[in-house]
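Have a look at the structure below before the remarks.
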Amino acid sequence: MKILFVVNNFYASGNGLSASARRTVRYLKEAGEEVRVLSGRNHEAEEPQPDYVLGDFHVPVFDGLVQSHGYKFARTDISLIKEAVGWADVVHLEEPFLIQMAAARIAKNMGVPCTATYHLHPENMFCSINLGDWKFLNYNMLRAWRDFVFDYCTDIQCPTENVLERLQKFGFKSRLHLISNGIIPDPLIRDTIGPKDPSRPFLIVCIGRLAVEKDQPTLLEAMRYSKYARRIQLFFAGRGPEADAIKAQAHALYEEGIVAYEPKFEFRDRDGLRQLAAEADLYIHCATVEVEGLSALEALQQGVVPIIAEGELTATSQFALDDHSLFPTKDPKALAECIDYWLDHPEERSVMGLKYAESTEDYDIHKSIAALIDMFHQAIGDPA
C-alpha cells in the first residue's frame, strides 16, 4: 500500500505534531508499508528531506509567533501536490491547513481516497493570541476545517474519546476511528537510579511547550498554596513563545521566598526526558487544550505519578487512575492539594507509579500502527 503523508513541517523539533508524524511514518515503514511525505523543507539539517519538498509560506504579521512554536507553514504547489497524490493509493492529512485543502480536492478529483488525523483544536492556535475563549471564532474555524478538509476524508483518526465525541457532536461526515497516536515502548529505568537522598528536594516535572494553552503558570501559582513549596524543585522541560513570561513568574516566586529552589528550565531530547521522568517525584500536566498529550504518557512509562488538569478540551485526564491525580483546569489551590496529598503518601505514590507505568502498555505504538493500517485498507476499499 502506497501512503502519502501531507504535513506542513515534518522535521520540526520540539513540536508534538511533527514528532508524532515522524514516529508514525517510521513504524508504518517498519510494518512493510510504502510511505512518502509531502512537506516543507527540513531547515534543521541538510538531510533527510521530504520526498516532495514544498517551499516556505510566511504568515503575514504572525510568522514570528508561528515559528516560536517550532512550526512552519509550507507553500501550496499544485503541480507538486498532483505529482505526489498521483503516486499514492491513499492520502493521509496531518493538519487542516492550506496544503491539506489543496491535497484533499486534488485527491478527490483524481479518485484517490483521503484520510486524516485530528491533531489539534482551533483553540490550540487561538490561545496564542488570547482568543482561545472566543467560542464564535473557534466554532467557525472548526466548521471551516470540517467543510473544507475533513469532510473530504473517508476516515479520521481520533486520538482520544474526547476528540471523537467532539467531532461526532459537530457533525463530521467521515468514519471516526478511536486510535491513539501511540508511544514507543521504553524500559522502566526508575529502579536503576538507586536510592534517593531523603534530604534532597522533591523533584516536580512539567514537560511541554511553554505556551498559553499548556498553562504552566498554574503550577507556579500552586506553590503559594502547597505546604511543601520550600522543599520542591520545579523543572520545566520545554521551550516556546511564553518562555520569558513564565521564567519571570518563576523567578519572582524564588525572590519572594515562596520556593527555596529556583525553578529550572531546560529543553531535553527524548532520552533526557525519559531520565528526568524516572528521577521525578511527580509529573504535572496543566494544559487547558490538549488533543492527547503523549508527553504525559511517555513520562508515565517511567513510573511517575501524574497530576493532570481536567477540562472540556483537554483529553489527557483520561490517563488518570485516581482522583488524587486530577484537578480542575486553572485551579492552583486544587493542584496544590493534589501535590500535598501525593508527597504526604510516599508508599502509595510508589505503588501507583508502577500501576501508571503498566497502564501505558495500552498505548503501544505498534497497536496504533496496526489500527491505522486497517483504517487505510477501509479507505481504499480493500477487504485485507
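The numbers here are math on the coordinates, done by the rules we state, and not lab data. No experiment lies behind these values; they were computed from the predicted model shown. Cβ: placed from backbone, ideal geometry, glycine included. Neighbour counts: every protein chain shown.
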TODO: Run the numbers on the chain and let me know its relative contact order in percent, using alpha-carbon pairs under 8 Å that are six or more apart.
DONE: 15
TODO: Using only the Cα atoms of the range 275-356, build the gyration tensor, take square roots of its eigenvalues as a ≥ b ≥ c, and label the shape rounded, prolate or oblate: rounded if a/c is under 1.5, else prolate if a/b is larger than b/c, else oblate.
DONE: oblate
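State to the nearest 20 debye the size of the charge dipole of the range 190-362 about its Cα centre, where the only charges are +1 on K and R beta carbons and -1 on D and E beta carbons.
Details: 19 positive and 31 negative charges, 116 e Å.
So the dipole magnitude of the range 190-362 works out to roughly 560 debye.
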- [ ] Mind scanning Lys108/Lys173; Lys227/Lys333; Lys214/Lys330; Lys214/Lys367; Lys29/Lys367; Lys196/Lys247 and naming the pairs with a C-alpha gap bigger than 18 Å?
- [x] Lys214/Lys367; Lys196/Lys247
TODO: Give the Rg/Rh ratio for the chain, taking Rg as the radius of gyration of the Cα atoms and Rh as the Kirkwood radius, to two decimals.
DONE: 0.98
- [ ] Decide, for the range 308-384, between rounded, prolate and oblate: order the square roots of the alpha carbon gyration tensor eigenvalues as a ≥ b ≥ c, take rounded if a/c falls under 1.5, and otherwise choose prolate if a/b is larger than b/c, else oblate.
- [x] oblate
Open item on the list: Assuming 0.36 nm per residue, please report the length gained on full extension of the stretch Asn130 to Asp323 beyond their Cα-Cα distance.
Closed with: 66.5 nm
TODO: Evaluate the distance, in nm, between pseudo-label points positioned 7 Å from the Cα of Ile184 and of Glu47 along their respective Cα→Cβ axes.
DONE: 2.0
Task: In range of the label at Glu161: residues from the range 305-321 whose backbone nitrogen is under 16 Å from the point 7 Å along Cα→Cβ - done: 310-321
Task: Extension gain (nm, one decimal) between Glu266 and Asn140, 0.36 nm per residue minus Cα-Cα - done: 41.7 nm
TODO: In Å³ and rounded to a whole number, note down the convex hull volume per residue for the Cα atoms of the range 190-362.
DONE: 104
Open item on the list: Starting from 0.36 nm per residue, how many nanometres of slack lie between Lys367 and Leu80 once their C-alpha separation is accounted for?
Closed with: 100.0 nm
Open item on the list: Just to verify a number: FRET efficiency for Tyr225 and Ser350, C-beta to C-beta distance, R0 = 30 Å, to 0.05?
Closed with: 0.75
Task: Gyration tensor (alpha-carbon) shape descriptor, the range 168-277, a/c threshold 1.5 - done: oblate
